[in-house]
2 protein chains.
Amino acid sequence: MVSVVNFAVGKELLIGRTMNTNAYWIGGRLYKMGGMLDRILTVTDSLEEISSGIKELLALHPDFIIVVGGLGPTPDDMTLKGIALGLGRKLKFNEDAARMIKEHLEKAGRVFELTPQRKKMATLPEGGTPLTNDVGTAPGVRLTAGKGTVVYCLPGVPREMRNIFTNFAEKEIREKLGEMHIAKVTLKFSGVFEAALAPSIEEALKMHPEAYIKSHPRGLKAGVPNLELDVTVTSRDKRKARSAYSELLSFLTRRISELGGTVTAKREAIR
Amino acid sequence: MVSVVNFAVGKELLIGRTMNTNAYWIGGRLYKMGGMLDRILTVTDSLEEISSGIKELLALHPDFIIVVGGLGPTPDDMTLKGIALGLGRKLKFNEDAARMIKEHLEKAGRVFELTPQRKKMATLPEGGTPLTNDVGTAPGVRLTAGKGTVVYCLPGVPREMRNIFTNFAEKEIREKLGEMHIAKVTLKFSGVFEAALAPSIEEALKMHPEAYIKSHPRGLKAGVPNLELDVTVTSRDKRKARSAYSELLSFLTRRISELGGTVTAKREAIR
């Protein structure tokens, strides 16, 4: 397996100001590729929190750490400094990064002047490579640390994060993952309480421990419970993924019906 | 300061299935009270991840750990077992918890039978106290660990989490916080680039390092940048909070106008 963790930096995520849609998006994106986000750690804009957070995540020896937020021009944008501190590296002005900022501003018809704020955005932890941001000013950064962990630092503005993630991080992760096959379904059904279905899920997981099977209670309507059930099988082996999937789907559908439930909707995706 | 961290458990949060609205809600709720969430750690439903996660968070010696998710009846609901493992405690069937489950089911007109799934929901780490869930089956749990950290375990279903959080955790945190005064504003303005405002924010933070001042770029409209600026001052001292707030608000409003910007909206909240 390829292990990926997300390090989210930003006080706005901790005070109910901004919903962490970035972690949600990255998680979904990886899962669709056949990978998975193992953890999300969210900390505030403080050098101490950023530097200790990166050290804690590196100690898990993941293949990738996706750092998001705090690359901008304002004083609370201190992610690169915090990462450098955590890794025990110096910060160094990077000519390529400055050129990227200049090109972005000129394309937008603005005058480039190397203000302290722009200089900061072009000052990276030693060993860092700047990554072009097609839709904003601050470049992303790629560096390696620890025992071969690749660290990507991306801006927190969602469209900038997605731009750099897709163009750089995703490509590298996909290469490391190899081709993955995924078969999944969400069944909506009513008339069975979650606790009543639980033993069948347990049985299904004994048949295929590699599968992901999860029920989500969706409330009662006139005393009748509504649920959703997710079943996902991921494998490098296409045939294996499909046969495990079919087996689980027919087993669970049968059980729901035996327990008196009615499936009302089925959303499948097989690749 | 009172330190609070959030430990979110659930694979659905890591694969883009469920947005972590619970962390967002808890963060906002604490911030309105004058407190703050220091960290959010999200892990998957695995005994190893849950037990190591709780140990890592306890090592920070926070006043409160709010654990959310994984208290239900299905096999992947393993939070209490994981917490017990992490704390080196035994799991013990709790009569009070079983009574709460029984009462909830009977109120809903359902028959109570102590199935293995219900027994699991009533089996708590030793030293844990069950907390009434007014809107669902699984009780919450309160326990103390480490150097006086209070751990609350809440279900992941948002309305159940909010019910138990408000009735129990919030009360205890509020007591520890004491009365807090908050003055805050969000200014919407256009015509100033974030990088141009950055030095003024830096100056403002030098005047009041205790304040929270953060700009959020909201995109360009016809080449003109739109931004939002959050300014929050929190203090036990009402007069201090208000005077720092007024000073910052007038300073930053003046600067925006000097930089050629126009404030288009202002949302204030003073308590």
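The values are calculated or read from the model by the stated rules, or taken from the named source; none is laboratory data. Predicted, not measured: the structure shown is a model, and the values here were computed from it. Reconstructed Cβ throughout: ideal geometry from the backbone, glycine too, with neighbour counts over all protein chains shown. Areas reflect the complete protein model, heavy atoms only, side chains present, ligands, DNA and RNA absent. Shrake-Rupley method; radii C 1.70, N 1.55, O 1.52, S 1.80 Å.
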Whole-number percent relative contact order across region A:91-200, with pairs defined as alpha carbons under 8 Å at least 6 apart: 18 percent
Estimated FRET transfer efficiency (residue B:47, residue B:222; beta-carbon r; R0 41 Å; 0.05): 0.15
Cα gyration tensor category, rounded, prolate or oblate, for region A:181-270 with a/c compared to 1.5: prolate
Candidates A:221, A:102, A:32: whichever shows maximal mean-square fluctuation once chain A is modelled as a Gaussian network with Cα springs under 10 Å: A:221
Surface per residue (accessible, 1.4 Å probe) for the protein assembly as shown, Å²: 44 Å²
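Only Cα pairs under 8 Å and at least 6 apart count here; give the relative contact order of region A:181-270 as a rounded whole percent. Working shown, then result.
Details: 166 pairs, mean separation 42.6, N = 90.
The value is 47 percent.
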Computed magnitude of the charge dipole of the protein assembly as shown (debye, nearest 20; Cβ of K, R +1, Cβ of D, E -1): 660 debye
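Take every DSSP beta bridge with both residues inside region B:4-177 and express the antiparallel ones as a percent of the total, to the nearest 5. Please list the in-between numbers first.
Values: 11 of 27 bridges.
Within region B:4-177, antiparallel bridges account for around 40 percent of the total.
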Simple spin-label estimate for residue A:202 and residue A:134 in nanometres, 7 Å along Cα-Cβ: 5.1 nm
Label point 7 Å beyond Cα along the C-beta direction, distances from residue B:90 to other copies (nm, shortest first): 5.9
Residues in region A:62-76 that a label on residue A:147 would reach, taking backbone N under 16 Å of a point 7 Å out along Cα→Cβ: A:62-65
Among B:195, B:97, B:241: highest mean-square fluctuation, GNM of chain B, C-alpha pairs under 10 Å: B:195
Cβ-based charge dipole, chain B, positive-most Cα from B:144, B:28, B:13: B:28
At least 15 Å along the helix axis (C-alpha) and Kyte average at least -0.5, DSSP helices within chain A: A:47-58, A:194-207
Where a label projected 7 Å from the Cα of residue B:95 along Cα→Cβ would reach, residues of region B:126-160 with amide N under 15 Å: B:130
For chain A: relative contact order, % (alpha-carbon pairs under 8 angstrom, 6 or more apart): 16 percent
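Considering only DSSP beta bridges with both partners in the protein assembly as shown, what is the antiparallel share in %, to the nearest 5?
Rounded to the nearest five, the antiparallel share is 70 percent.
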Exam field: residue B:46 pseudo-label spacings to other copies (7 Å along Cα-Cβ), nanometres: 3.0
Charge sum, other residues only, whose C-beta stays under 10 Å from residue B:214's C-beta, Lys/Arg counted +1 and Asp/Glu -1: -4
Inter-copy spacing of residue A:254 label points, which lie 7 Å from Cα along Cα→Cβ, given in nm from shortest upward: 7.9
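List the GluC sites (Glu not before Pro) in region A:95-146 that DSSP assigns to loop (not H, G, I, E or B) and whose Cβ has at most 15 other Cβ atoms within 10 Å. Which are they?
Details: sites: A:95, A:103, A:106, A:113, A:126; in loops: A:113, A:126.
The qualifying sites are A:113, A:126.
As a quick test, which of the pairs A:184/A:221; A:176/A:238; A:11/A:107; A:266/B:120; A:55/B:147; A:214/A:266 have an alpha carbon distance above 20 angstrom in this structure?
Numbers: A:184/A:221 27 Å; A:176/A:238 18 Å; A:11/A:107 31 Å; A:266/B:120 30 Å; A:55/B:147 23 Å; A:214/A:266 15 Å.
Listed pairs above 20 Å: A:184/A:221; A:11/A:107; A:266/B:120; A:55/B:147.
Protein chains only, probe 1.4 Å: how do B:162, B:110, A:271, A:118 rank by accessible area, largest first?
Values: B:162 90, B:110 55, A:271 135, A:118 25 Å².
In descending accessible area the options line up as A:271, B:162, B:110, A:118.
Between residue B:119 and residue A:115, how high is the FRET efficiency from 1/(1 + (r/R0)^6) when r is the Cβ-Cβ distance and R₀ = 56 Å? Nearest 0.05.
Numbers: r = 64 Å, r/R0 = 1.15.
According to the calculation, E is roughly 0.30.
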About the Cα centre, charge dipole magnitude for chain A (Lys/Arg +1, Asp/Glu -1 at Cβ), debye: 520 debye
In Å², nearest 10: area of residue A:104 left accessible to a 1.4 Å probe: 40 Å²
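Tell me the mean residue ellipticity at 222 nm calculated for chain B from its helices only (DSSP H runs of n ≥ 4, each -39500 (n - 2.57), averaged over every residue, nearest 500).
On the way: 9 runs with 103 residues, N = 271.
Mean residue ellipticity, 222 nm, calculated: -11500 deg cm²/dmol.
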